[in-house]
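What follows is a set of notes on a single structure, which appears directly below.
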Amino acid sequence: MKKYSSILLVVMMMFFSCSEDFLQEKPVTTLTQDYYKTVEGLESLVKGSYQILRFKSDYNQGNYLFGIGSDVEVFSWSNADRIAMGGYNPDGWGPQLSGTRIAPLTNSLIGQVSGGVSEGVYPEINRCNIFFENFAKLSEADQKRLVARRGEALFLRSYSYYLITNVLGDAPLILSSFAGMPSNFAFEKEKMEVIYKQIIGDMRQAVDILPETTSELGRITKPAAAHLLAKMYLNRAQAAEFQNSAEPTLKALYKGNVTTDLDSAIHYATVAINIIAQQNNNAYGGLSPDYASLWLNDTKYTRDAQKEILLSAQYEPTITYNGRYGNTLVHLFNSNHTSLRACTPRTLDYGRPYATAGPSDWGFDMFTDRANDSRYYKTYLTDYVATDATLKGGKPWDKPTAYYYNNYLKPAADPAVTVSSVSKIKYQQRSIVYIENAKDEPLDSLWVVSQPYIMMVRWMVGSPNSAGYFNADGTPKTGAMIDPKNPVVTNTSGRKLMYRISGDKGEPFGLDRGLAVAQWYMSPRKWLDIYRGKGTDPNGSGSIDIPLFRLPETYLVRAEAYGRKGDYTSAINDINVLRKRAAYHVGEKRSDVLVKLEPAVITGRLDIPVAEKNAPYSVATDSYEKIKVDGTEWQPGSAKSRLENYPKEATTADKQFIHFIYNERAREFAFELINVEDLHNAGILYERIRDRDMMGAPASSTGTVDFPFPKDDISTNLGALGTGKGALNRMYTFKPWPQVYLDLLTDQNNQPLTDDAKKAYQNYGY
């Protein structure tokens, strides 16, 4: 019986409350199946079923299965997992449970009991099936009372199948409930074509019967259902061309071929857009006016007022409502800055970081115009303030850096610094600054290390030797200095080009994330949670709501559908809704890191009006016109096209358009756990990881012409060397069925599957 507790296709019925407002359940002394034959029981059943919405943000499973491994996000723990997962090592991505990461978490996705909670898609599907079976036996009057709950149950079952097909492809399609142990475990896989036909039909019903709005926070509504349905139609249309593909993994994406799917995607996306636009009447097509407001957490549940968030996984700062571990995104995507000598220990100020995942190089470079697209500085936390009053381990000034700072960097009103044991970093002042510059805009290392804080710069040019800059007294040698007012190096002759240097001590470090210093990357602002660890939750679980669907994605779904039909005009209009909101607006303030420290070699990087370059850097002119999309972004050979750094296969306008959509998704949805599933369904995940994520790309990969992998001359251990470091294979875009699950299966006669039958059941390549 031990195996039955691990994988629960034998679905144990364990219902628990989810969170907030409507998700408040009354205790039931004796829970029997008869309870779910009543209106009250079915209400409770639907409430408990909302727990599936937490799967992505509850512990590591969502992060591994739906986050890490895209072209934007990489795995970065400094242990064996980093090697296996970040590099797509076969040992980490196989079907065995022992010593791997993917198989146990795929096992969790299928269904298990953990901490007394029934988790995963098939326990969820069973709950929904129980609802439908008992709903059908109610009186007409009682059915009318529960019509919206039926819509929610249709959505939740469909969403469950959406999760499982994204990860595993073909899967068992179970449409009736289990009250106990089945007579056998003959759970045959159904083709995705059949699964999608079922869930699209269910979702059409859900859209028809769900209300447009609800007074109960967290309930599923018509716009959320229409959004998911539009995505499903688009997913089916995306894979239609793979029906006869010679590539097995692409062929496995096939979900049917219905000629009207693109039109249906446009229709249902429009349903969602029109409802929210009417509810949230403003100049941004229903979007919130400020991208940053979506991630504020200075007042409890500030996200609840954001109409563009169609659906969230709900959380409260209590163990009772948090599920297994609560919202772990609050620390999984935060850089481990605590090991730096920067007086910034692990505090609530920066999300109590655990440093599990971080951005790839492409995660930074996809923002092609940081001066005018506000999403870069509203996505990334680029500077940290010293939070340790004792200033333990602070970096003291030395002669060269003190001289350079006093003579070239020091504001006139500030006192001169002296060489002493006094730290450069002051309490409650800036301690760490991130500058993620490109290879063609390296900064001079002396300028970097002479800042009164630590600078984490990606590309830097150093002196040919340690004594190259200075005389014995600390004064600079004649001709050794660059222009101190322009730290961007344009001539690297005879000088060492280094990738990722710590300004703390000046040591170089590269992309080998086995080093502790490799955990020093920018954290996203999106998951900072000032309530984590406070209140009644001693374990410090997350207390913020996690958006699952946002209206900008609805616009991009519709834009892609328009573009695939050849209607680029309509697609551009939808994309520009996002760009209009993404612009800097009059009255906003730009980051002083952007204005004062960002390099300016890339055209447009610092295209900021002169009047706006003075503190407090207030925006006087809306920057929308500078980032507005005009269609040349996917015109091969154009200047804008080159900035997008398309994979080498994207040589035509129609292919570049598709990749532009996913570049825009990356800019809008970094660290929101949707990029992997979207790239997967579009059939372009492999190409983009290969060309964008050095840790995931095969060792033979060198990237594209326009975006080569970083190369330096430090050492083979630390440097990037212009080659991939991973073992990526197309088959990894689908995950394996866990071996423990395959061993559980039987045929219709209750006989264990043969080895050949297990092999046939397993996904290609595993």
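The values are calculated or read from the model by the stated rules, or taken from the named source; none is laboratory data. As the structure is a prediction and not an experimental result, all values here were calculated from the model. Here the Cβ is made from the backbone with ideal geometry for all residues, glycine too, and neighbour counts use every protein chain on show.
Data table
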| read-out | value |
| --- | --- |
| Lone qualifier among 448, 461 - being in a strand (DSSP E or B) and either touching a strand residue (DSSP E or B) at 6+ places or on another chain (Cβ under 7 Å) or at pLDDT below 80 (or both) | 461 |
| Counted residues, segment 350-372 - those being crowded, with 24+ Cβ neighbours inside 10 Å and acidic (Asp, Glu) | 1 |
| Residue within segment 212-222 that is part of a helix (DSSP H, G or I) and touching a residue at least 12 places away in the same chain (Cβ under 8 Å) present | yes |
| Total residues in segment 645-661, condition in contact with an Asp or Glu (Cβ under 7 Å, 6 or more places away or on another chain) and aromatic (Phe, Trp, Tyr) | 1 |
| Long-range neighbours under 6 Å by Cβ, at least six apart or interchain, first residue among the hydroxyl-bearing types (Ser, Thr, Tyr) within segment 732-748, second assigned to a loop (DSSP other than H, G, I, E, B) | 732/88; 732/93; 741/7; 746/184; 746/185; 746/186 |
| Selection from segment 177-212 of residues that are in contact with a helix residue (DSSP H, G or I) (Cβ under 6 Å, 6 or more places away or on another chain) and of a type in the set (Gly, Ala, Ser) | 177, 206 |
| Out of 204, 236, sole residue that is part of a helix (DSSP H, G or I), more than 26 Å from the chain's Cα centre (by Cα) and in contact (Cβ under 8 Å) with a residue 12 or more places away in the chain | 204 |
| Residue identified as under 25 Å from the mean Cα position of the chain (by Cα) and closer than 21 Å to residue 372 by Cα among 574, 607, 622, 592 | 574 |
| Only one of 214, 259 that is modelled with pLDDT under 95 and among the hydroxyl-bearing types (Ser, Thr, Tyr) | 214 |
| Yes/no for residue 209 being in contact with a Phe, Trp or Tyr (Cβ under 8 Å, 6 or more places away or on another chain) and either over 20 Å from residue 54 (Cα atoms) or among the aromatic types (Phe, Trp, Tyr) (or both) | no |
| Residues satisfying the stated conditions in segment 343-385, i.e. part of a strand (DSSP E or B) and β-branched (Val, Ile, Thr) | 385 |
| Filtered residues of segment 472-502 (kept if at pLDDT 75 or above, in a loop (DSSP other than H, G, I, E, B) and closer than 27 Å to residue 394 by Cβ) | 473, 475, 487 |
